[in-house]
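The values are calculated or read from the model by the stated rules, or taken from the named source; none is laboratory data. Here the structure is a predicted model, which is why all the values come from computation and not from measurement. Note: ideal-geometry Cβ built from the backbone for every residue, glycine included; neighbour counts use all protein chains shown.
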Amino acid sequence: MPEENTPKNPAEHDSFAKALRRTARPAHFASLARRAAACLRERGAEALWREASFRISLMTKGEVWRFRADIPLRRELKAQRAARFARMPLVSVVVPLYNTPPKFLREMMRSVLGQTYAGLELVLTDASDAAHGEVEKAVRAVRDARVHYIRLAKNGGIAENTNAALAAAQGEYIALLDHDDVLTPNALYEAVKAVNEQGADFVYSDEIVLDSTLKKLGEYHFKPDFSPDTLRGCNYITHLAVFSRALLAAAGGGERAEFDGAQDFDLILRLTERAQKVAHVPKVLYWWRGHGGSTASGMQAKPYALAAGAAAVEAQLLRLGMPGRVEPVPGSPGAYHTRYDVTRPGRVTVLIPNKDHSEDLARCLESLYRNAGWDDLEVLVLENNSTQAETFACYGRAQQQYPNCRVLTYKGGFNFSAINNFGARHATGEHLLLLNNDIQVETPGFVRELLSYSQRPDVGAVGAKLFYPDGTIQHAGVFIGLGGSAGHSHKGHPRDSGGDMYRLATTQNMCAVTGACLMVKKELYDRFGGLDEENFAVAYNDVDFCLRLWQSGLLNVMTPFAAAVHHESKSRGDDTRAGGEKQARYEREKARFCARYAGLMQQGDPYYNPHFTLLYENYGYK
């Protein structure tokens, strides 16, 4: 799933490398000793051993993945076995078999039957050919009444074989498991816990990809909470998926043979669109075995799956009444670009605050009109205290050269929120595009791409992927909590990187996007009071606005298919390092933001997995 440029070993991430260097310093030993004592006192010897093993593995480039903090201790596993929930549903673990290597099969069965949650059955449907009788022999050797084995008369394909297992399953909940993969001991316990505590009818977890021996780490799949646009761009859910039988019936039943190769993707799309509550457990509960021919080893192993995946997303668009087409993303197998038809056309008013910097403004306007891809465009340049004669000459040329381009004068000191609110009051468009004057639009059809999301009733703010002039990522969405307040996704990654789990290559749901390029319906802008002029005159106004939209139940979106260069803060400088009143104002606004959203920061951004660092914007692991 994640592309080749994504770091595969945790030690390659900056945060891990820095931890390694700190650990090697003699001055750090005293701190380590204090932590060790606290760990022993609070969590016991096993936790201390795991912490020590983790440190040693960092220094020796060993198997760090075995010592993650989300792996339960033995005493925790014991407590899980004794635990009782208000609901203790039977969970049917459904596994279609086909010529399964006996070693893989035995490891899979041991992982299921060794679950700390005992209320399960293992339903196996075997379509192996006559030359693989050892599959049945391996199953028959297991003496456990919870194992139900069905020998199929023929191999009907993965969807039909899975459906045979679903038909035989008796559980109130169902878990899908591939025949060569492994569950962690606490997998079903965590799923049933989510059912009880969150009322979930669909539960998924994080996972890891290992080699065929289950010893060498391929990659982590640390996932966001449920994100429908992200899911249409990439099947990030995959494993572990646990769902209610009632939900399966509501979603139209089992898997569909016409989507073989992406049959699970189609099922997950149907299930999640009908689910009452989708819960994400941010723990690795599934080990995905990568070997020759498996999808885990790369989508290139099954090229027909790419076409089936695109067809599955298009089928969802049809069900949801969202006209559009779906195309694989070149160079990112398993990633998709959904091109929505613009069915609610309307005028887009672009708001561009400006003070001098006429060259930047001229470049911005030229690139915008050249690449907009949308004719019904109104551009309002919001003049604010310019002093240079060339600036006003530039205004004159722009209004003559570009259709529906006007210059409005905002009288008052620099207040980004107030200037944009002023512009919004004069806008005639159904959609507003807040755009900094140091943005250089690159993607043809830029405005149309943003509009294709903004038109949707379920969408609030829409942002673009922005690059620094050197080609590295400046913005791919905003995560809450990064750097103690808010920060950008994958900042500094190479321009051509697909990001972790294709988060730079596909559309993402986010809590917020930057106001340097933000489209929103004018009706929403007005209803939510626009940007907060009083509390966030310069900083955090965009994030605050997006969060107000998101808290109302709307989806905020970042689309990488609208891309631009952002000469960040070129016009005004960087307030975070400016010194004097500028920096003091920034710190005040940061403090207000942190106070207003303290609960969210403590809880954690739902689109940013807790396994990732909050110290840096590089998408590195903790």
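Worth pointing out:
- Within region 595-610, the only residue that satisfies the criterion of being under 12 Å from the mean Cα position of the chain (by Cα) and among the charged types (D, E, K, R) is D605.
- For region 440-465, a tally of residues being buried (at least 24 other Cβ atoms within 10 Å of the Cβ) and in a strand (DSSP E or B) returns 7.
- Residue selection: A537 satisfies the criterion of being out of contact with any strand residue (DSSP E or B) (no Cβ under 8 Å at 6 or more places or on another chain), part of a loop (DSSP other than H, G, I, E, B) and either more than 26 Å from R347 (Cβ to Cβ) or in the same structural domain as Y236 (by TED's automatic domain parsing) (or both).
- Complete set of residues in region 466-489 that are farther than 30 Å from A595 by Cβ and part of a strand (DSSP E or B): F467
- Matching entry among F29, F104 (being at pLDDT below 85 and part of a helix (DSSP H, G or I)): F29
- Restricting H239, H291, H280 to those that are crowded, with 19+ Cβ neighbours inside 10 Å and either among the basic types (K, R) or at pLDDT below 95 (or both) reduces the list to H239.
- In region 47-61, the condition of being within 30 Å of S332 (Cβ to Cβ), assigned to a loop (DSSP other than H, G, I, E, B), at pLDDT below 75 and not assigned by TED's automatic domain parsing to the domain that holds K137 is met by at least one residue.
- Hits in region 455-483 - residues which are within 21 Å of A505 (Cβ to Cβ) and polar (S, T, N, Q): T472, Q474
- Failed item in (1) part of a loop (DSSP other than H, G, I, E, B); (2) surrounded by fewer than 14 Cβ atoms within 10 Å (Cβ to Cβ), with Y117 passing the rest: (2)
- Boolean, G199 is within 30 Å of H611 (Cβ to Cβ) and surrounded by fewer than 17 Cβ atoms within 10 Å (Cβ to Cβ): yes
- Applying the condition of being of a type in the set (D, E, K, R) and assigned to a loop (DSSP other than H, G, I, E, B) to region 73-101 and asking which residue is farthest from the chain's Cα centre (by Cα) yields R84.
- Filter result for D532 (at pLDDT 95 or above, of a type in the set (D, E, K, R), in the same structural domain as G412 (by TED's automatic domain parsing) and not in a loop (DSSP other than H, G, I, E, B)): no
- Within region 494-516, residues that are farther than 16 Å from H221 by Cα sit with their Cβ atoms under 6 Å from residues that are assigned to a loop (DSSP other than H, G, I, E, B) and charged (D, E, K, R), at 6+ positions apart or across chains, in these pairs: C511/D605.
- Flag if E136 is assigned by TED's automatic domain parsing to the domain that holds V94, of a type in the set (D, E) and free of Cβ contacts under 8 Å to residues at least 24 places away in the same chain: yes
Residues are listed down the side, and each one gets a yes or a no for (1) in a helix (DSSP H, G or I); (2) buried (at least 16 other Cβ atoms within 10 Å of the Cβ):
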{"site": "R344", "(1), (2)": "no, no"}
{"site": "L361", "(1), (2)": "yes, yes"}
{"site": "C364", "(1), (2)": "yes, yes"}
{"site": "R370", "(1), (2)": "yes, no"}
{"site": "L382", "(1), (2)": "no, yes"}
{"site": "A393", "(1), (2)": "yes, no"}
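- Residues in region 327-342 that are touching a helix residue (DSSP H, G or I) at 6+ places or on another chain (Cβ under 6 Å), in a strand (DSSP E or B) and in contact (Cβ under 8 Å) with a residue 60 or more places away in the chain: A335, Y336, T338, Y340.
- Residue identified as at pLDDT 95 or above, under 30 Å from Y621 (Cβ atoms) and aliphatic (A, V, I, L, M) among A169, A79, A165: A79
- Pair list, Cβ < 6 Å and 6+ apart or interchain, from region 463-479 residues that are over 13 Å from D438 (Cβ atoms) and outside the structural domain of D229 (by TED's automatic domain parsing) to residues that are of a type in the set (D, E) and buried (at least 22 other Cβ atoms within 10 Å of the Cβ): F479/D605
- Candidates N99, N163, N155, filtered to the one that is surrounded by 16 or more Cβ atoms within 10 Å (Cβ to Cβ) and touching an Asp or Glu at 6+ places or on another chain (Cβ under 9 Å): N163
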